[in-house]
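One structure below.
The values are calculated or read from the model by the stated rules, or taken from the named source; none is laboratory data. Because the structure is predicted, anything quoted here is derived from the model rather than measured. Heads up, the Cβs are rebuilt from the backbone with ideal geometry, glycines too, and the neighbour counts pull from every protein chain shown. Accessible surface areas use protein heavy atoms only, side chains included; no ligands, DNA or RNA. Shrake-Rupley method; radii C 1.70, N 1.55, O 1.52, S 1.80 Å.
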Amino acid sequence: MTNYQNIVVLTGAGISAESGLSTFRGDDGLWENHRLEDVATPEAFRRDPELVHRFYNMRRANLGTVRPNPAHKALARLEQEHDGEVLVITQNIDDLHERGGSRNILHMHGELLKVHCRSCAEVFDWSGDIDETVECPDCGVIPSLRPHIVWFGEMPFCMYEIDEALRSCDLFVSIGTSGNVYPAAGFVAQVSAMGRARSIELNLEPSEGVSLFNEARQGPASKLVPEFVERLLAGEA
Ligand code: NAD
């Protein structure tokens, strides 16, 4: 029995790091050896679509080589055993929350396993490669498909649902996110300004916004998250 009714969990690249997916900002500031401006902006896609396709094709193919870790599984356990609501808002584009067993998930930055048509806007499940020669299965336009990913400078998905969830939660937990990328980095300020919810950060190191949280713990997600879920379900957190 937890002390909370509506729990919102925000996750970032750090929760998938121990599954073998690299975070955005390694020490070299590169993501998988690429500058973010070359692969994760609409300008990059206009300039060199085949490079951007190759980059995301590799990320998509790489999903087959990684597995959910104990942190993903612990959040699924929380969703199953908590008698109120648990919503995972993830900035991650991988599918490790789904494969870990979570069901109530919003992918605010999109999903590697989806593409959309920039002509008709239809979204498709997609597990293989795409390039500029593939036609849209719906409208038939070529070139048309792009990764269903929110790039820098684009509007994140599900913002209305996220705003509603932040307003109604009584516990906000942030896991494995650096607090650098907005709007997600601003969620804790929004929650604390409303004064209804307790906020907790679980991260390898203190994030940029750590002072806004009521509580912060540092360590690897695969250890911190299962311990935290155990305490939460026992009514001790
Ligand atoms: P980020 O790379 O900016 O920060 C990751 C954070 O996780 C850092 O604060 C780091 O200290 C922490 N961390 C690293 N290893 C950890 C571990 N084992 N346990 C706990 N914490 C750990 O990532 P972010 O804040 O999510 O940045 C947002 C962007 O990163 C999003 O747009 C997202 O789409 C993108 N991204 C996603 C993936 C993925 O889907 N797996 C991978 C790389 C980047």
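Residues in segment 170-187 that are in contact (Cβ under 8 Å) with a residue 60 or more places away in the chain, within 16 Å of the ligand (Cβ to nearest atom) and open to solvent by less than 40 Å² (accessible area, probe 1.4 Å): 172, 173, 174, 175, 176, 177, 181, 184, 187.
Note on segment 43-77: residues that are more than 30 Å from residue 104 (Cβ to Cβ) and surrounded by fewer than 18 Cβ atoms within 10 Å (Cβ to Cβ) total 8. Close contacts from segment 217-237, counting a first residue that is at positive phi and a second that is near the ligand (Cβ under 10 Å from one of its atoms), with Cβ to Cβ under 8 Å and a gap of 6+ residues or different chains, come to 219/202; 219/204. Number of residues in segment 106-122 that are hydrophobic (A, V, I, L, M, F, W, C), more than 18 Å from the chain's Cα centre (by Cα) and under 15 Å from residue 155 (Cβ atoms): the value is 1.
Out of all the residues in segment 43-72, which are over 16 Å from residue 144 (Cα atoms) and in a loop (DSSP other than H, G, I, E, B)? Matches in segment 43-72: 66, 67, 68, 69. Going through (1) of a type outside the set (Lys, Arg); (2) in contact with a strand residue (DSSP E or B) (Cβ under 7 Å, 6 or more places away or on another chain); (3) open to solvent by 30 Å² or more (accessible area, probe 1.4 Å); (4) within 16 Å of the ligand (Cβ to nearest atom) one by one, residue 154 falls short only on (2). For segment 196-236, the set of residues classified as within 13 Å of the ligand (Cβ to nearest atom), of a type in the set (Gly, Ala, Ser) and surrounded by 15 or more Cβ atoms within 10 Å (Cβ to Cβ) consists of 207, 209, 216, 221, 222, listed by residue number. Applying a threshold of 9 Å to beta carbon distances and a minimum spacing of six or more residues, or different chains, the list of pairs starting in segment 4-25 at a residue that is more than 6 Å from the ligand (Cβ to nearest atom) and assigned to a helix (DSSP H, G or I) and ending at one that is modelled with pLDDT of 95 or more and hydroxyl-bearing (Ser, Thr, Tyr) reads 15/90; 15/177; 15/222.
Considering 146, 167, the condition of being surrounded by fewer than 16 Cβ atoms within 10 Å (Cβ to Cβ), of a type in the set (Lys, Arg) and touching a helix residue (DSSP H, G or I) at 6+ places or on another chain (Cβ under 7 Å) is satisfied by 167 alone.
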